[in-house]
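First the structure, in the form of structure tokens, and then the observations on it.
Taken together, the values in this text are just the output of simple stated rules run on the coordinates, not laboratory data. All of these numbers come straight from a predicted model, not from anything done at the bench. As a convention, Cβ positions derive from the backbone with ideal geometry for all residues, glycine included, and neighbour counts pool all protein chains shown.
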Amino acid sequence: MPTVSKPYKASLSKTQGRQSYSIIFRHPVRKDPNTGKPGRRVRAGLGTKDENEANQLVDQMNELLANSDYWTIGAQETARGRFDTRIVEIFFHDIVPQPTDFMDVREQVIPIPSSDNSDYRSALLLGTTGAGKTTLLRQIIGTHPVKERFPSTSTAKTTVADTEIIVAEGDYQSVVTFMERDEVRDYLEECISKAVLTAYQGKSDSDVLRSLLQHVDQRMRFNYVLGNGPISEDDLDDEDEDEDDFEEDLNSSEPEIAPEAPDSLDLNRTNDLLIRAVNRAREIAINQGTRLKAELDATEESDQRVVDELFEEELDRLLRQDEEYHAIADELMDEIELRFSALHKGSFRKNKQGWPISWEFSSSDRNTFIKEILRFSSNHAPLFGTLLTPLVNGIRVKGPFFPLWAEDSKQPLVIVDGEGLGHTPDSSSSLSTNLLRRIDMADAVVLVDNAAQPMQEAPVAALRSIVRTGNTKKLLMCFTHFDEVKGDNLPTVSAKREHVLASAENVMTRLGEDLGPNAERALRARLAEHCFFLGGIDKVLDPKKKRGKRSIEQLKALLTAIDQIVERPEPVEARPVYDRMNLALAIREAADQFHEAWLPRLGLKYKSGINKEHWTRVKALSRRLANGWADQYDNLMPVSDLHKQLGELIYVTIQEPIRWIGDEPDEDSQQQIYDEFSSALTGRLLEFASRRVWIERSDEWQEAFNQSGKGSTFTRAEIIAEDIYDKAAPVPDLTPSPDRNKFLHEVLALVEEVCQELNITLE
């Protein structure tokens, strides 16, 4: 048997409140996400309550760990013949990572009908967080704002999960998919690290608990799952409260539908666990923080900000080597998993390690169905401690979800409520790659904006993306909160509409300057013909009681527009001819702009209007790309940014053909060709950008993430800028370089593919 120079040993674990045993060991092959070297800490359930059996399984794992012949994926079958299946599954899990296609998981259970072979139309709702897109969805699918509260609404970020609704007769059906266990634990460890830092800073228990339960970017709220703890409600942030708590329909006498807390969940025990976690965070802060402060001895450093960053990053590194820190994460993860095991309705599909991949449920009774689905979608504060909402990455439901204000409406629809755009400070910000793919798949894109504060930067960024990807003809615009548009100079509905549209007109002019006059003209046409104004839609609309008559008319017009949007125009016979050199110059400019936008973010260059990102955000970005979990972190989207720069510059260039084959078409026909070109190129560019920035650079992202110690923030930034971005998107110049030429030629090859597909000439 081959000897192992560094022995790996497994041990038995059993946290308080759990009956089954778990195993803990350092994996000899899988890389530690914090160091990039072999030795990842693994903790997995053994599925047994018997201590003798558990010890036998630990002995088997130690035998496997002592023999390096088993440390390859090819040895898996040999191991099956010698060791218990549970040990084999635990050890060989993710030696070769196999990311799950969660959309495909949902598709296998409830397929989405296509408009190509059915009467269905699909619509994607886009909008700034709080603009009212989910409230609009409630009106379209007829869910009660107080009794049912599905889907959930909030003025703050609720979840990153897409909600997909298929309107159809028959029983109610659902499939919910969940984040990977490692990704959930990563969010949890980031929260624990923040809680320890908060404790070290001498803040209150409620502040430490808030740091523990609410991730800094607001995307992961563990208080939904674990509750707010025993801290006074007066100490807690009220931004989680559902906005409908303050907008209840006073005429509703029906009881509210809410899931019941599973009998096996003891929130008092959970609260005790959270108290212990806060106390242990303080102990770790004293032990690690005090020692680290002395070790750093950074008193000579003149820039206190640098000292603080160095301390925070080194503390985070030390924590991830601290067994007490991991013990907190172990116990909290066990508590989270109890929420899954406590549910007895529906069926879970789990991976071989027991973590849920999906949950399925169906019922002929609407109230029963809503009650169960709320466990995975609600953000209602009274339910905190029993919800699984933050762990969800997608919900698909199917059933007779018809609007309450139109009893005869049976329109076949697929509606996707996408992630909120956030309040971006810059209209040039990118949309996520997920949203870009969603836009490409949808028949209609409904951009929802607040009429009281119309056309802020986030919806403008969405408009830019819709135009440059060739999807202008899919665009429908809904202005919500129209009832809040008031002023002495706005006495009539028409005056209010003109007031809102005036803001949109200004935006069209700006976009025309950036994306070309054809883009501006196409957007103005959409604005004139497909714009809808809605007010009071947070309440029940009732035509019999003449409540919301004008909004009902606008909603009906919106549904009609969605139904008619797939009509295809007649093909244009004339074809443009493009100069290859002009496209090459556009590609060069796009690469240059990509770097010009990122260097200031990384702190490597000063540029007015672009702030340096905090080191924790850059490190969080590198962690996610290194581990293959996501191609972004919050609004840091390098893949999408490269896609945007290439797409916009190429879009502007194709509006200037050097000549036409055949008679030059009119402006509408020209725009049709430009949209076809951009639409065909979008998917190719997205895969290209993902490959260049992410897939081919995983080792470099890992190296960037692994940096620690004094100067690590700068070193990490340099690795990202030089070893990742400069290699992923090198700026072509006069100096011969195979890498730079390869980038240019690869993009041109994609353009050539589209030209051949559309019978367009490239000279």
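Contour minus end-to-end for Asp182 and Arg524, with contour as 0.36 nm per residue of separation and end-to-end as the Cα-Cα distance?
Using 0.36 nm per residue and subtracting the Cα-Cα distance, I get 118.5 nm.
Report the local net charge at Pro412: Lys and Arg +1, Asp and Glu -1, summed over other residues whose C-beta lies under 15 Å from its C-beta.
-4
List the trypsin sites (Lys or Arg not before Pro) within region 477-522 that fall in a DSSP loop (any state other than H, G, I, E or B) and whose Cβ has at most 11 other Cβ atoms within 10 Å. Don't skip to the answer; put the middle values down first.
Numbers: sites: Lys486, Lys496, Arg497, Arg510, Arg521; in loops: Lys486.
The qualifying sites are Lys486.
Subtract the Cα-Cα distance of Asn351 and Leu267 from 0.36 nm times their separation in residues, and report this length gain in nm to one decimal.
That pair, Asn351 and Leu267, stretches by 27.5 nm at full extension.
Find the relative contact order for the chain and round it to a whole percent, using C-alpha pairs within less than 8 Å whose residues are 6+ positions apart.
Values: 1223 pairs, mean separation 119.0, N = 763.
Taking the mean separation of contacting Cα pairs over the length of the chain, I get 16 percent.
Please identify the chymotrypsin sites (Phe, Trp or Tyr not before Pro) of region 576-644 that satisfy two criteria: DSSP loop assignment and at most 11 other Cβ atoms within 10 Å. Which are they?
Numbers: sites: Tyr578, Phe594, Trp598, Tyr606, Trp615, Trp629, Tyr633; in loops: Tyr606, Trp629.
Sites meeting the loop and neighbour criteria: Tyr606.
What shape does region 598-698 have by the C-alpha gyration tensor, where a ≥ b ≥ c are the square roots of the eigenvalues, rounded means a/c under 1.5, and otherwise prolate means a/b greater than b/c and oblate the rest? Could the numbers behind the result be given before it?
Details: a/c = 3.73, a/b = 2.12, b/c = 1.76.
It is prolate, given that a/c is not under 1.5 and a/b is the larger ratio.
Among the lysines, select those whose C-alpha is under 29 Å from the C-alpha of Lys545, and discard any that sit fewer than 8 residues away in the same chain.
Lys133, Lys147, Lys371, Lys410, Lys486, Lys496, Lys556
Can you list residues whose amide H is under 5 Å from Thr761's amide H, if they're 5+ apart or on another chain and H is modeled 1.01 Å from N?
Amide H to amide H, under 5 Å and 5 or more residues apart or across chains, Thr761 pairs with Tyr578.
Have a look at Pro38, Phe533, Tyr187 and report the one farthest towards the positive end of the charge dipole of the chain, computed about the Cα centre with Cβ charges (Lys/Arg +1, Asp/Glu -1).
So the residue we want is Pro38.
Out of every Cα-Cα pair in region 372-492, what percent are more than 21 Å apart?
On the way: 4176 of 7260 pairs.
Counting every Cα pair in region 372-492, those more than 21 Å apart make up 58 percent.
Would you calculate a helix-derived [θ] at 222 nm for the chain, using -39,500 (n - 2.57) for each DSSP H run of n ≥ 4 and dividing by the full residue count, to the nearest 500? Present the calculation step by step, with values, prior to reporting the outcome.
Working: 25 runs with 334 residues, N = 763.
Dividing the helical sum by the residues of the chain leaves -14000 deg cm²/dmol.
Going by Cα centres, region 585-658 and region 72-90 are how many Å apart?
With region 585-658 and region 72-90 each reduced to a Cα centre, they are spaced 43 Å.
Taking θ as phi - 60°, what are the ³J(HN,Hα) couplings along region 330-345 by the Karplus curve (6.51, -1.76, 1.60), each to the nearest whole Hz, with x for Gly and Pro?
Taking θ as phi minus 60°, the curve returns 4, 5, 5, 5, 4, 5, 5, 5, 4, 5, 6, 5, 7, 8, 10, 9 Hz for region 330-345.
Rounded to the nearest 20 debye, what is the charge dipole size of region 1-112 about its Cα centre when +1 sits on each Lys and Arg Cβ and -1 on each Asp and Glu Cβ?
560
Across the Cα atoms of region 62-179, what radius of gyration and what greatest pairwise Cα-Cα distance (Dmax) are found, in Å?
Both quantities, over Cα of region 62-179: 22.5, 62 Å.
Compute the angle between helix 615-626 and the longest alpha-carbon principal axis of the chain, please, reported from 0 to 90 degrees and rounded to the nearest 10.
On a 0 to 90 degree scale, this one is about 90.
Compute the acute angle (0 to 90°) between the alpha-carbon long axis of helix 738-758 and the principal axis of greatest extent of the alpha-carbon atoms of the chain; round to the nearest 10°.
50
Counting pairs of Cα atoms in region 518-593, how many percent are more than 16 Å apart?
Distances greater than 16 Å cover 73 percent of the Cα pairs.
Among 256-265, 399-408, how do they line up by average Cβ neighbours within 10 Å per residue, starting with the highest?
399-408, 256-265
In terms of the Cα gyration tensor, with a ≥ b ≥ c the square roots of its eigenvalues, is region 117-233 rounded because a/c is under 1.5, prolate because a/b exceeds b/c, or oblate?
Numbers: a/c = 2.69, a/b = 2.20, b/c = 1.22.
Cα axes put region 117-233 in the prolate bin.
Going through region 124-209, which GluC sites (Glu not before Pro) have at most 12 other Cβ atoms within 10 Å and a DSSP loop state?
The qualifying sites are Glu169.
Three principal axis extents, largest first, for the C-alpha atoms of the chain, in Å?
Projected onto the principal axes, the Cα atoms of the chain cover 80, 75, 59 Å.
To the nearest 20 debye, what is the magnitude of the charge dipole of region 159-224 about its Cα centre, counting +1 on the Cβ of each Lys and Arg and -1 on the Cβ of each Asp and Glu?
That gives region 159-224 a dipole magnitude of about 480 debye.
With +1 on the Cβ of every Lys and Arg and -1 on the Cβ of every Asp and Glu, and nothing else charged, how large is the dipole of the chain about its Cα centre, in debye rounded to the nearest 20?
With Lys and Arg at +1 and Asp and Glu at -1, about 980 debye.
Along the principal axes of its C-alpha atoms, what lengths does region 475-533 span, in descending order and rounded to whole Å?
Principal-axis extents of the Cα atoms in region 475-533, largest first: 36, 20, 15 Å.
Read phi for every residue in region 456-470 and hand back ³J(HN,Hα) as whole Hz from Karplus 6.51 cos²θ - 1.76 cosθ + 1.60, θ = phi - 60°, with x for Gly and Pro.
Listing the rounded values in order: 6, 5, 5, x, 5, 4, 5, 4, 4, 5, 4, 5, 5, 8, x Hz.
Which angle from 0 to 90°, rounded to the nearest 10, does the C-alpha axis of helix 267-284 make with the longest principal axis of the chain?
70
Note the direction-averaged projected area, equal to a quarter of the hull surface, for the Cα convex hull of region 60-131, in nm².
Value for region 60-131: 9.8 nm².
Computed from the mean reciprocal separation of all distinct C-alpha pairs, what Kirkwood hydrodynamic radius does region 638-763 have, in Å?
16.7
Taking +1 at the Cβ of each Lys and Arg and -1 at the Cβ of each Asp and Glu, which of Gln173, Gln76, Leu383 sits farthest along the dipole of the chain towards its positive end, judged by Cα position relative to the Cα centre?
Gln76
Quick check on region 424-581: take the gyration tensor over C-alpha atoms, sort the square-rooted eigenvalues as a ≥ b ≥ c, and tell me if it's rounded (a/c under 1.5), prolate or oblate. Before the final figure, lay out the partial values.
Details: a/c = 2.01, a/b = 1.59, b/c = 1.27.
It is prolate, given that a/c is not under 1.5 and a/b is the larger ratio.
Report the Stokes-Einstein translational diffusion coefficient (µm² s⁻¹, integer) for region 1-101, Rh taken as the Kirkwood radius over Cα pairs, at 37 °C with viscosity 0.692 mPa s.
Working: Rh = 14.2 Å.
Reported coefficient: 232 µm²/s.
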